[in-house]
Amino acid sequence: MWATELLPGELAQTLPTPRHFEQATELVTEQMVAQAGGCGDDPREHLDVLRPYVEAGFDEVYVGQIGTGHREFFEFYRESILPQLADQHVGAAS
């Protein structure tokens, strides 16, 4: 839904018309999106993206749901992601 997010360099800021943005987003592939961060319902993908921040000592990291399914997103994080990050954070603080 935010294909311009992965456009290289300043391309996402310099195009003159919406049509140009539509054309430029053809450069963004599904593989690029998959490599950019945690996507889908596999907790490992999300944890792989978030763990380095926990290990580096961050105490806040912002994540977001792009698209629909916000309730499911929050349930997924509450049940599958946050408990594992909390366990890792406690382990790192010991």
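For the reader, a short list of remarks on this structure follows.
- Residue check, R44 in a helix (DSSP H, G or I), farther than 17 Å from M1 by Cα and either modelled with pLDDT under 90 or basic (K, R) (or both): yes
- Meets criteria (assigned by TED's automatic domain parsing to the domain that holds Y77 and in a loop (DSSP other than H, G, I, E, B)) for G9: no
The values are calculated or read from the model by the stated rules, or taken from the named source; none is laboratory data. The shown structure was predicted, so the numbers you read here are calculated from the model rather than taken from an experiment.
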